[in-house]
Amino acid sequence: MKGIFITFEGPEGSGKTSVIKAVEQALKQRGVDVLVTREPGGVAISEQIRHILLDVDKKEMDARTEALLFAASRRQHVIEVINPALEAGKIVVCDRFVDSSLAYQGHGRSLGIDEVYRINRFAIDDTIPDLTLFIDVPPKIGLNRVFANGRHVDRLDLESMAFHEKVYEGYRFLLARFPERIRAIDGTAPLERVVECALALIDTRLDKE
Ligand code: TYD
């Protein structure tokens with residue numbers, strides 16, 4: 001595929017969405033053909049799955065069901081949006097992707113990172129990010145931001161602090177395992193600084209092409 005696939009990851013309240021908006025603007029200003037999308041969702045089928053996944057009333061959801069639904073939602077998103085954009089040579093920026101499943105379901109839910117990776121390989125085939133930016137914010141700080149900002153709270157936000165600590169630990173494992181692909185950015189720095197770092201890492205990746 002001709003395009004470049006960049007994903008953003010981070011715990012709750014890491015500020016990913018604001019960073020992505022600023023990065024999108026900066027790239028567009030330079031005339032880069034960029035497509036921004038998000039998980040879980042982005043297309044009709046995936047948005048419906050997202051609705052089930054994040055519904056605070058679905059307390060009975062089993063961990064494997066959760067992992068399979070995230071993978072199913074991802075599959076549809078890859079087929080309808082991500083692959084066609086990459087084939088058209090675009091820079092695709094996605095808010096969360098497979099590493100969220102590895103950190104949240106694989107490690108957070110204790111299903112195993114390798115096990116969850118296997119079901120996700122079935123879903124994504126070879127659509128693996130070229131670069132993943134991890135916005136590093138300790139879970140306590142992130143969750144405080146979520147509740148202070150009054151943003152809509154979903155089923156996963158309501159999990160215990162122990163769960164969020166485990167998700168964070170999962171991300172640290174992934175950083176150690178894929179050091180070439182996943183790069184951490186200090187998400188406690190001011191937004192402009194985080195955006196600057198993200199753009200610098202993206203430029204380094206674009207220069208390789
Ligand atoms: P989202 O609205 O994207 O929130 P955020 O602003 O935190 O990114 O909510 C997605 C939630 O779903 C978030 O709690 C992370 C979780 N998630 C998983 O557990 N596994 C996954 O594979 C994905 C994509 C998200």
**Study point:** Any hit, region 188-198, residues being under 24 Å from G106 (Cβ atoms) and surrounded by 14 or more Cβ atoms within 10 Å (Cβ to Cβ)
**Key:** no
Study note, to complete from the structure: Restricting region 102-119 to residues that are among the hydroxyl-bearing types (S, T, Y) and in contact with a Leu (Cβ under 9 Å, 6 or more places away or on another chain), the one least open to solvent (accessible area, probe 1.4 Å) turns out to be Y104
Review point. What about L68, is it more than 25 Å from G15 (Cα to Cα) and of a type in the set (A, V, I, L, M)?
Key: yes
Check your understanding: Considering F122, F147, which residue is surrounded by fewer than 16 Cβ atoms within 10 Å (Cβ to Cβ), among the aromatic types (F, W, Y) and touching a helix residue (DSSP H, G or I) at 6+ places or on another chain (Cβ under 8 Å)?
Key -> F122
Point to revise | The one condition in (1) under 30 Å from K28 (Cβ atoms); (2) out of contact with any Asp or Glu (no Cβ under 7 Å at 6 or more places or on another chain); (3) within 14 Å of the ligand (Cβ to nearest atom); (4) acidic (D, E) that E87 fails to fulfil | key: (3)
Review point. Filter region 125-137 for residues that are in a loop (DSSP other than H, G, I, E, B) and surrounded by 15 or more Cβ atoms within 10 Å (Cβ to Cβ); which is nearest to the ligand (Cβ to nearest atom)?
Key: V137
**Study point:** Residues of region 154-176 satisfying the condition of being surrounded by fewer than 16 Cβ atoms within 10 Å (Cβ to Cβ), of a type in the set (D, E, K, R) and either in contact (Cβ under 8 Å) with a residue 12 or more places away in the chain or within 15 Å of the ligand (Cβ to nearest atom) (or both)
**Key:** D154, E165, E169
Check your understanding: Could you say whether any residue in region 75-83 is without any contact (Cβ under 8 Å) to a residue 12 or more places away in the chain and open to solvent by 50 Å² or more (accessible area, probe 1.4 Å)?
Key -> yes
Study note, to complete from the structure: Going through region 1-45 in order, the residues found to be over 16 Å from K90 (Cα atoms), more than 10 Å from the ligand (Cβ to nearest atom) and free of Cβ contacts under 8 Å to residues at least 60 places away in the same chain are K21, G42, V43, A44, I45
Check your understanding: Listed residues E39, E9, E47; which is open to solvent by 40 Å² or more (accessible area, probe 1.4 Å) and closer than 22 Å to T127 by Cα?
Key -> E47
Review point. Quick one: would you say E66 is more than 15 Å from the chain's Cα centre (by Cα) and within 8 Å of the ligand (Cβ to nearest atom)?
Key: yes
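The values are calculated or read from the model by the stated rules, or taken from the named source; none is laboratory data. Small disclaimer: the values here were computed from a predicted structure and weren't measured. Ideal geometry is used to build each Cβ from the backbone, glycine not excepted, and the neighbour counts take in all protein chains shown. Remember, those area values only see protein heavy atoms, side chains included, never the ligands or the DNA or RNA. Shrake-Rupley method; radii C 1.70, N 1.55, O 1.52, S 1.80 Å.
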